[in-house]
Ligand code: GRG
């Protein structure tokens, strides 16, 4: 298994976050220029009010692990397209018709701050902006036309009916019902796992990696997506609004979770097992990247 001992993950995460934030500022400058001020303010709120930037960091890390050129800023423009989709999903997820949340990342949610119409339009504006951003960034990286299309397709498929939106629907329908393990895995594989796996695949595709390597990145991404969600459930059950920056909501919304299904200890154990299986997939494809190993452990050891 790839080791983590000599890798300084906190320093890596901070440096990556700064690159991603700079790319997001470039994207915002373009996007808000053509939006009415009220919607532009809601977009800024949704995109810039914090967040771990995990998806873009995974994308840029995968790109480099596959031999991509590290210094090229276009890789962060590509990576930022994932964060634009993620930001939209959080803005819409918090709406009264969805989770009806008041707090996100330690600040009032976008609709609480800017009103529902601006929040709905802000989220909607982010979707095509993300697609354009992915396409143009892949082209700027010098990807072949077919690769640029494959990168963009990966982002859109993971975000759509077969991925995040479909998973969100299953999540809403599951409220008040007792879901079994297979149903939970399926729901979260679509709602959370698809975009996380797409982050890795987009990075690999943009670096023109071999299909077997892209498959291994996808397997790793799917595994850490599941581990991420299990950890989310553990944190929802054990942490506080002060640390999480949002109100724990699984019990209030009567959701089935990995904690309600397995209990805390078994849920934590499963998250670690799933991470190990993801790292094994990378190893089998000879993808040696301490950052990917560090990120996998971070996903289950994080506190927010
Ligand atoms: C069109 C109304 C409408 C809905 C679209 C909203 C939606 C469908 C789907 C959202 C699904 C969703 C919220 C997925 C993300 C789940 C999740 C684990 C979010 C937290 O991610 P982190 O921890 O957040 O990476 P930070 O704050 O660090 O960026």
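The values are calculated or read from the model by the stated rules, or taken from the named source; none is laboratory data. All figures in this text were calculated on a predicted structure; none of them were measured in a lab. All Cβ positions, glycine included, derive from the backbone under ideal geometry; neighbour counts span all protein chains shown.
Key figures for this structure:
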| item | result |
| --- | --- |
| Residues that are at pLDDT 95 or above and touching a strand residue (DSSP E or B) at 6+ places or on another chain (Cβ under 7 Å), drawn from region 1-59 | none |
| The listed residue being under 23 Å from residue 89 (Cα atoms) and over 20 Å from the mean Cα position of the chain (by Cα), out of 208, 157, 175, 218 | 175 |
| Filtered residues of region 162-172 (kept if in a helix (DSSP H, G or I) and farther than 13 Å from residue 89 by Cα) | 170, 171, 172 |
| Residue 240 more than 14 Å from the ligand (Cβ to nearest atom) and modelled with pLDDT of 95 or more | no |
| Qualifying residue in region 102-109 (condition: on the phi < 0 side of the Ramachandran plot, surrounded by 18 or more Cβ atoms within 10 Å (Cβ to Cβ), modelled with pLDDT of 95 or more and within 15 Å of the ligand (Cβ to nearest atom)) | yes |
| Residues (within 13 Å of the chain's Cα centre (by Cα) and near the ligand (Cβ under 10 Å from one of its atoms)) located in region 58-101 | 83, 85, 86, 87, 88, 89, 90 |
| Sole residue being in contact with a helix residue (DSSP H, G or I) (Cβ under 9 Å, 6 or more places away or on another chain), part of a helix (DSSP H, G or I) and surrounded by 17 or more Cβ atoms within 10 Å (Cβ to Cβ), chosen from 132, 187, 179 | 187 |
| Any chance residue 6 is without any contact (Cβ under 8 Å) to a residue 24 or more places away in the chain, over 26 Å from residue 236 (Cα atoms) and part of a loop (DSSP other than H, G, I, E, B) | no |
| Single condition residue 217 does not satisfy, out of (1) more than 12 Å from the ligand (Cβ to nearest atom); (2) touching a helix residue (DSSP H, G or I) at 6+ places or on another chain (Cβ under 9 Å); (3) under 28 Å from residue 97 (Cβ atoms) | (3) |
| Filtered residue count, region 70-94, keeping only those that are in contact (Cβ under 8 Å) with a residue 24 or more places away in the chain and within 22 Å of residue 288 (Cβ to Cβ) | 3 |
| Breaking point among (1) in contact (Cβ under 8 Å) with a residue 40 or more places away in the chain; (2) near the ligand (Cβ under 9 Å from one of its atoms); (3) touching a helix residue (DSSP H, G or I) at 6+ places or on another chain (Cβ under 7 Å), for residue 232 | (3) |
| Residues satisfying the stated conditions in region 135-161, i.e. outside any helix (DSSP H, G or I) and under 19 Å from residue 87 (Cα atoms) | 160, 161 |
